[in-house]
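Encoded as structure tokens, the structure appears first; notes follow it.
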Amino acid sequence: MELFEEFFPSYLDDIERIRTNTEAEQCNFGQQHSTETFDASPDPSSNTVESNDVPLLHQAVQIDDQHLFIQLLESGHDIDALDTAGNHSIHFVQSETMLELIVNRHPDGQRIVHRTNHEGFTLLHRVCSLRMDHKTMSDLLKRVIECGANVHQLTKNGESIAFFVENCDVLEYLREFDIQLEVVNQNGETALERHLYNENVQMARALLVRTHTSSTFKQRAHKYLNLMLKKGRYFFIRDYQDVLEKHPELTKALFDALYNHSREQASRLFAQACRNEIYFIVEKFLDFDYNLNYNFVYREDEYDDEGSPLLRLISPRENFSNEHLIERLLQKDVDVSVRNGSGCNALLALALRYRFANGSENGEKLLQQLMKRGASIDSVDFDGNTALHWAFLSGRLELVEVLVRNGADFRVKNNGGNIPLQMADAVNQELFYFWS
């Protein structure tokens, strides 16, 4: 460092900034891995280079300072110096002009692009992971390939450049060279799985469309729906629902792969979709008519006690536009006696639904279906309330009428000693007396 201070004082600020701010992701090619790191070591620092271990030539390349790079070479710095991860300065190239400079200065010439680090990464792997303006990226990528870079080369973990591409335009360019999109690495992970896990949505969408007809896709696709749903309803609808709607064959392949891999996992995902009100997923499971466990109880945490998929659909948190799904689910092998944490079964939950939502012309139809499945019209919750108690309490006289026509008992008292009519306000009590 003293030598550098003597001969290049004007660069001290830049070098100090790089020394203190070098990010680990730049040193391991900017990749945030999903389930495994580049290195099998349990120590996460094994995949990064501490800033004080980065050779000065690497730092000059990283800031794309060609003048500094030349000065360092002329002062005796080794052009083949490696950092602790085995990276050569070529691995940090940010522009076509810097690439040309290194190629012209290095005795190997263009063959330098084949250099790999300890993990088997080449310059091409690095360039594919960069995020920069389109022209700079295109020019650099084109030149690297012209220098002889092997677009099919895998890392030591068995990963193709498709694992590291961050841009759909780059992907389309590389497809001209028939790059391998379906490689499975040594951890059993595909490029699509990597991008889904890292929430690189545009790349994931592109790979979903381009790989779903392959045999590899069918073998690995049981993992993909879970990854698409992991952030919940809003993000699934925003990021992926439209691509599944436009490509029904892709949708069928995803669902088939999950069900064929594990009935239990498919049942769990169905229950999760009911809980999170992802009705596109719910509807597709029903469309494809799998032999699921439609009573699978999915819980987000220990406080999540709302019960079975049927109870989830009857008692949504936000979106009540799902009666067609309730009706379809009731045609499956569902247990209408399952209760949630408040002691409500499906019939009681249906009565409560109309306390918070507008009445529906399908309400009576759903009630009839529940009774055909064995639901007791006078079943009570933990407070002793029947569906008729809740109907009076909510002021839904049309629901009262439906329940009465189907034999609801006016005489049942709840734990507070009240019969159903006593739950109504005075006005509704008068209206009921007049109506009856």
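Taken together, the values in this text are just the output of simple stated rules run on the coordinates, not laboratory data. Please read all numbers here as calculations on a predicted model, not as lab measurements. In this analysis, Cβ positions are derived from the backbone assuming ideal geometry, glycine residues included, and neighbour counts consider all displayed protein chains.
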(request) Starting from the Cα gyration tensor of region 336-436, take the square roots of the eigenvalues, sort them a ≥ b ≥ c, and report rounded, prolate or oblate (rounded when a/c is under 1.5, otherwise prolate if a/b is larger than b/c, else oblate). (result) oblate
(message) Quick check: from the Cα gyration tensor, does region 244-289 come out rounded (a/c under 1.5), prolate or oblate?
(response) oblate
(message) Projecting each Cα onto the charge dipole of the chain (Lys/Arg +1, Asp/Glu -1 at the beta carbon, about the Cα centre), which of Phe285, Tyr234, Met203 comes out farthest on the positive side?
(response) Phe285
(request) Identify which of Gln369, Gln241, Gln331 has the largest mean-square fluctuation in a Gaussian network model of the chain, with springs joining Cα atoms closer than 10 Å. (result) Gln331
(request) Would you please classify the overall shape of the chain from the alpha carbon gyration tensor, given that a ≥ b ≥ c denote the square roots of the eigenvalues, rounded means a/c under 1.5, and beyond that prolate means a/b larger than b/c while oblate covers the rest? (result) prolate
(request) Mind jotting down the distance between the C-alpha centroids of region 209-227 and region 371-393, whole Å? (result) 45 Å
(request) Please give the peptides 144-154, 269-279 ranked by average Cβ packing (other Cβ atoms within 10 Å per residue), highest first, as a rough proxy for protection. (result) 269-279, 144-154
(request) Taking 7 Å along the Cα-to-C-beta vector as the label spot, tell me the Asp133-Gln186 distance in nanometres, rounded to one decimal. (result) 4.0 nm
(request) Just need the relative contact order of the chain here, percent rounded to a whole number, with Cα pairs under 8 Å and 6+ apart. (result) 7 percent
(request) Pairs to check: Lys252/Lys332; Lys372/Lys413; Lys142/Lys218; Lys156/Lys218. Give those whose C-alpha atoms are more than 22 Å from each other in this structure. (result) Lys372/Lys413; Lys142/Lys218; Lys156/Lys218
(message) What aspartates and glutamates does Lys365 reach when the alpha-carbon gap must be under 14 Å and sequence neighbours fewer than 8 apart in one chain are set aside?
(response) Glu323, Glu327, Glu398, Glu401
(message) Cβ neighbours within 10 Å, averaged per peptide: list 168-176, 113-121 in order, most packed at the top.
(response) 113-121, 168-176
